Structures are given as structure tokens and as C-alpha cells.
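Trainee: The structure under discussion is supplied below as C-alpha cells; questions concerning it will follow.
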Amino acid sequence: MKRSPSIPWLVATIALAAFGRGLPAQGPSLAPIDLRIQRFDGRSGPVVVSNAIPLPPGAVRPDQVNRLRLTVEGAEVQRNTQALAGLHRDGTLRSVLLQFMFDVPPSGWKSGTISLGSPVTTTGFREPEGFDRGVADAVALPTDVAYLVGTGINGTTVSVSDSRAEGPAFAAYEANFSKWSDFHWKLDGENWSGANYYDRALIYYAFWVRSANPVYFRRATQIARNYRRNYLEANQYGTSPHWSQPEGVAQHYLLTGDEASRFAVARIAEQLQGGYPFADTLNTPWMESRIQARAIQALLTAWRLNAVGPKAIKLDQRLTRVVERSMSVQRPDGSMGWPATCGQSLNFMLGLLNDQLISVHTHFKPDTAILRFVKRSTDYLWSTQWVDAQQSFKYLSGRCAKNAQGEDVGGAVPSPDLNLLFVTSFGWLYQQTGDVKYRQWGDRVFAGGVKGAYLQGSKQFNESYTSSYRYLALRRPPT
């Protein structure tokens, strides 16, 4: 079934495309945003309501936060607003901190609206000293799913209801998330070591955007803060590439205003450049494409937040260097091979690298070399690694019984539980080229991944949902 892109998604896409062509951005314009004001602590009485509101491109400039007016139950309320770091490509804000005091009931919720009007001369509210923005007891969240999707806060996607209408595989994808996310929350809760491998915090933020369900916002916020405090901070930010999950931490900053999370993003970028200087040491016993992807992700995420740590890395220069070096070792057939994999292609890691290169092309700088790289690698994967009978890719392109470190990595076995780590490449190529075969192939990969997913496993659940929600929009007709 072919469906047209939703209007908010089109608006966001057109705004970004216009900026990329050097066209002047539209002047700031923000329709009133309906809010659901809800508390989570079960108490009564006045409470500090604190979170950040995601904003679409072209809505609010950094110098206009004093024009944001808040009403609750029809009456204007004194508030504190603050521009947060991180801009859309047209120079407008990605999110704005909103704080106020209100008597929110322990059950039920209050309705509010935030709008762009005449300047507010005084905020009338000051954040209490020592207040922890990281997980506030009460929040004011937008209620309109179309609005949330249109902000692009998690990248391009579509609503849960729109996705369900696309066919049985997509309906199953959404139903599976609802079922198994509750299962894993009961099992893992906010604990980072059980929950956050492959960034469940980011996943919950994405599904909050796609559904406006405040429970998902709350869970995302709890997991992100737990991961930051009990893994990153507890280890002096000494993350391994495998446990580097900067996007969920960045979303935590953008949606709570917690500066400790922005600082953590900066430190992750420093760590992956200092402890894993792969840009200049590609041929090492431990190198593989996931480490490349993680380093690119850390640098890009920090650059988008202008998050610079104590080492003052020049993020733009370093990111450009790392991307160029990463792509330089692609083989003529489109594959990547490493001593760690006996020279074989570890296919899902190539999918991870493609995802990060696509993000660089989208958010940092359009680059035809990235398009060529992703097209070659995706054509290689489909033509040589896809096993049609099992509707999945091979785990490895060949047997690797003893790699450079003496490990048995595996072999060319079908791995449908990893399918959804590949799909954004196919959707993005459909958008870039208009060639419908990439959408057709992507839909087959998606359907195979939904059917063959092992969602009982925490890691496998996260792998299925960590980026696949973006494919739901990328598979729609190019604009």
C-alpha cells in the first residue's frame, strides 16, 4: 500500500532540504502546542514541572525563548524557559526547557498550551537550588503525535498508527514492541546493564514521539540517567565502543535540559578518539566496522550538541577525518573485512556503519562519497549475503574459526534477528535514488526481521528497534 508522507514530516524534510541548498529559511512560526501535564511521584500538592519541549525546524530562534507563553487550564502561568544547545540546520532550536510550579494531582492530568507570542518581561519562576532535571516528578509533554513526529527530534519516522496501516509486517512490528517492551521493563527496569545495550533509552524516546505515550518518555528518561550515572560517570566516562550509547544520552539532554548528559556526550567522543584512535590505526587485531560506527556516532552526536569536553577536540575536523578513513578501506565489491573476522564481512556491522554514515550525510554535510559507499555496501549485502529461503542475511560472509585474537567468530549462518539493523540503508537509498528496488528489498528484509526476531532477549529486542523506526518514513515515496 502506498501512502503519502505526513504533512509534519514533509515540512521538516523540506525545511532541511532548503537549508542544504542554501535557500533562506522561513521566519520563526509556532502554532500553539497542546500539553499534557502529568506527575509520576504519586504525591499531592504543588510540584516543579520540568522537561524540554522538542521544536520543529523554523519554529523558534534562540533569542525568542522569552516570547514563549504558557497557559494551564486556560490561565497564563509564570514559567522559566531556556534555549538548549543543539540547532536545526536552519539555526532554530531543536528544543527548549520549560519549568513551572503547579498543583498537579497524583492521578489524572492537567491540560496546557505553549505558544509564541509577545515577549514575557519576567519569568516569575526560578529553578530551585539543587533541583535535578534528570528525572523530574512532573512533566508537560506535547500530546499531538503529528507534531512530535514533525519535530524530527529522533530523525525521520512516522506515527505508530500510520505504520500499522502499511500492512501485516508493520502491524506486527508495532504490536511486538508494545508487548515486549513491557516484558523487558518488568525484567530490567531502568538498570543500564540489563536494559541499555543498543540504546533502549533512545528506543523509548523514539516510541514516545511516535505514540505520545508519557510512559515511554518516563522510561527513556530513567534509563538514560541510570546509564549515565552508573556506567559513564562511575567509570570516569571510560566506555568501550560496544557500550557507547550517546544518542539516548543526547536525547536525555534535549528533552530534560540536564547538562550532565550533554557533558557525558562530549566525554564519550573524547574516549572513543583517545582510547580507540582507529582513524590512524585501521589494521589492528581488534578493529571492525562497529567500532568505526561507534566513533562516528559519538563525534556526530557531540557536534550536533556543540558538546566539547576538557580535551577541546575540534569535532568537525575530527569527524571529517574519521569518516574519510572509515570509507577508505571498503573493498571494490562493497564489503569490509578485518583481522578480527578473518577477512570476512561481519554483515550486521556493515549495516551499523551505513547507518552512521547516513546520519553524517543528513545532519553534518551531504557527501556523494557516502552515497557511493552505502550503495556499494548495500548492493554487496543483497547480491551475495541475502539468504532468500531464510529471509535473512548471513552472519559472516564465510567461516572464521580462529581470528587474529584466536577467537571463533562464527560462520555464514542466517541471522534473521539482526535484519532490522540493515533496513535504513535500503530506505535511504530509495530516498536518494528513487529506485523502487531498494524499497522492495527493504520491505523483504523488514518482514523477515519481524518474523524471525528473538524479542525475548534484551539485546536482541534492542537490536530490532534501535534504528528501524526510521525506515518507516524512509520507505515512503521520495519528496
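Every number here is computed from the coordinates shown, using simple stated rules; none is lab data. Note that the structure is predicted; figures quoted are calculated from it, not measured. Reconstructed Cβ throughout: ideal geometry from the backbone, glycine too, with neighbour counts over all protein chains shown.
Trainee: Relative to a virtual label point 7 Å from the Cα of W286 in the Cα→beta-carbon direction, which members of the stretch 205-246 show backbone nitrogen distances below 18 Å?
Mentor: 232, 235-245
Trainee: Another question about this same structure. Pop out the ³J(HN,Hα) list for the stretch 441-458 in order, Karplus 6.51 cos²θ - 1.76 cosθ + 1.60 with θ = phi - 60°, rounded to Hz; leave Gly and Pro as x.
Mentor: Ordered by residue, 3J(HN,Hα) equals 5, x, 5, 5, 5, 4, 4, x, x, 5, 5, x, 5, 10, 7, 5, x, 4 Hz.
Trainee: Test of the criteria: in the stretch 280-351, which trypsin sites (Lys or Arg not before Pro) are in a DSSP loop and have at most 11 other Cβ atoms within 10 angstrom of their Cβ?
Mentor: Values: sites: R290, R294, R304, K311, K314, R318, R321, R325; in loops: K311, K314.
Within the stretch 280-351, the qualifying trypsin sites (Lys or Arg not before Pro) (loop, at most 11 other Cβ atoms within 10 Å) are K314.
Trainee: Where Lys and Arg each count +1 and Asp and Glu each count -1, what net charge lies around A307 among other residues with Cβ under 14 Å from its Cβ?
Mentor: On the way: positive: R94, R228, R262, R267, R304, K311, K314, R318; negative: E247, D258, E259, E270, D316.
Around A307, the charge tally is +3.
Trainee: Pull up all non-local amide H partners of N51: gap of 5 or more, or a different chain, and H-to-H distance under 5 Å with H placed in the peptide plane.
Mentor: Here the answer is L98, A140, since their amide H atoms fall under 5 Å of that of N51.
Trainee: For the chain, take the longest principal axis of its alpha carbons; what is the angle in degrees between that and the long axis of helix 214-227, to the nearest 10 within 0 to 90?
Mentor: Computed tilt is about 70 degrees.
Trainee: Follow-up. Please find the FRET efficiency linking A75 to E129, where r is the Cβ-Cβ separation and R0 is fixed at 25 Å, and quote it to the nearest 0.05.
Mentor: On the way: r = 27 Å, r/R0 = 1.09.
Efficiency, rounded to the nearest 0.05: 0.35.
Trainee: Next question. For the peptides 384-390, 190-196, what is the packing order when you average, over each peptide's residues, the other Cβ atoms within 10 Å and list the highest mean first?
Mentor: 190-196, 384-390
Trainee: Starting from the Cα of K365, draw a straight line to each of the aspartates and glutamates and keep only those under 17 Å, dropping any in the same chain fewer than 8 residues away.
Mentor: Partners within reach: D90, D316, E324, D355.
Trainee: Counting each DSSP H run of 4 or more residues in the chain as -39500 (n - 2.57), what helix-only mean residue ellipticity at 222 nm follows after dividing by all residues, to the nearest 500 deg cm²/dmol?
Mentor: Helices in the chain give a 222 nm mean residue ellipticity of -13000 deg cm²/dmol.
Trainee: Additional query: Within the stretch 398-479, which chymotrypsin sites (Phe, Trp or Tyr not before Pro) sit in a loop by DSSP and count at most 15 neighbouring Cβ atoms inside 10 Å?
Mentor: Listed in order of number, the matching sites are Y454.
Trainee: What is the distance, in nm, between label points placed 7 Å from the Cα along the Cα-to-Cβ direction at A369 and at A312?
Mentor: 2.8 nm
Trainee: What pairs from K179/K394; K394/K437; K186/K451; K402/K437; K375/K451; K110/K451 go past 31 Å between their alpha carbons?
Mentor: K402/K437; K110/K451
Trainee: When DSSP beta bridges are limited to those with both residues in the chain, what percentage is antiparallel, rounded to the nearest 5?
Mentor: 95 percent
Trainee: Between helix 289-305 and the chain, what is the angle of the helix's C-alpha long axis to the longest principal axis, kept within 0 to 90° and rounded to the nearest 10?
Mentor: So the inclination is approximately 20 degrees.
Trainee: Sorted by packing (mean other beta-carbon atoms within 10 Å per residue), highest first, where do 206-214, 344-352 land?
Mentor: The peptides rank, most packed first, as 344-352, 206-214.
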